[in-house]
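The values are calculated or read from the model by the stated rules, or taken from the named source; none is laboratory data. Fair warning: this is a prediction, and the values are worked out from it, not measured in the lab. Quick reminder, even Gly has a Cβ in these numbers, built from the backbone with ideal geometry, and neighbours come from all protein chains shown.
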Amino acid sequence: MRRYLDLDFRRRRIASPAGWALLAVGVLAVVLVLAAKGRIADETAVYENALRRIEQTLPGAGRAPLSAAEQRAQEATLADMRRVLDQLNLPWGGLFATLESLDDADVALLALAPDARNGQIRISAEARNLGAMLDYHRRLEESGTLRDVSLTNHEIAEQVAERPVRFNLIATWAIR
């Protein structure tokens, strides 16, 4: 006959050695986490106290007003910062778009040196011949972005077979 019911009347142990070991590991982990939390809280308190001391020594936090020389130095620094910010806010895209629109196979731009403070730009370029250089100069003057274009110097490269013309221009940048 087949057994449908299997009864076991022996009593099993409630906890095994592995269970006790697992419980011990868990308690040890809780103790270590609480110790680390206490250490972190102590370090945080130390850093907060150091931060408060530093904040008290900052300018304007209970200190005497700046002397005239210190104030002039601070104003000069702020003026320099404003100049840099003004240079960064210039419409560089318009200038580059103008120079790219004047792209010519006979003229190669070698260097651009903008002077945003004076509103000028120095252009170093190389042309195949004098006619190409003069044509480029005329087109720069006719552009709406640059005005008062003047040729500062030019030289014919005798050592190169094609004899290109290297030249420098200075133009006023019509920023606004």
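Observations on the model:
- Residue match in segment 61-80 (condition: modelled with pLDDT under 90 and touching a strand residue (DSSP E or B) at 6+ places or on another chain (Cβ under 7 Å)): no
- Enumeration of residues in segment 122-153 that are part of a strand (DSSP E or B) and either on the phi > 0 side of the Ramachandran plot or modelled with pLDDT of 90 or more (or both): R122, I123, S124, A125, E126, A127, D148, V149, S150, L151, T152, N153
- Residues of segment 92-121 that are over 30 Å from D80 (Cβ atoms), touching a Phe, Trp or Tyr at 6+ places or on another chain (Cβ under 9 Å) and assigned to a loop (DSSP other than H, G, I, E, B): L102, D106.
- Note on segment 154-176: residues that are of a type in the set (S, T, N, Q) and either assigned to a strand (DSSP E or B) or farther than 17 Å from N129 by Cβ (or both) amount to 2.
- Selection from segment 98-120 of residues that are surrounded by 12 or more Cβ atoms within 10 Å (Cβ to Cβ), more than 20 Å from R166 (Cβ to Cβ) and free of Cβ contacts under 8 Å to residues at least 24 places away in the same chain: D115
- With respect to the stated conditions, L90 is touching a residue at least 24 places away in the same chain (Cβ under 8 Å) and at negative phi.
- Every condition in (1) of a type in the set (S, T, N, Q); (2) surrounded by 10 or more Cβ atoms within 10 Å (Cβ to Cβ); (3) modelled with pLDDT under 90 holds for T44 except the one numbered (3).
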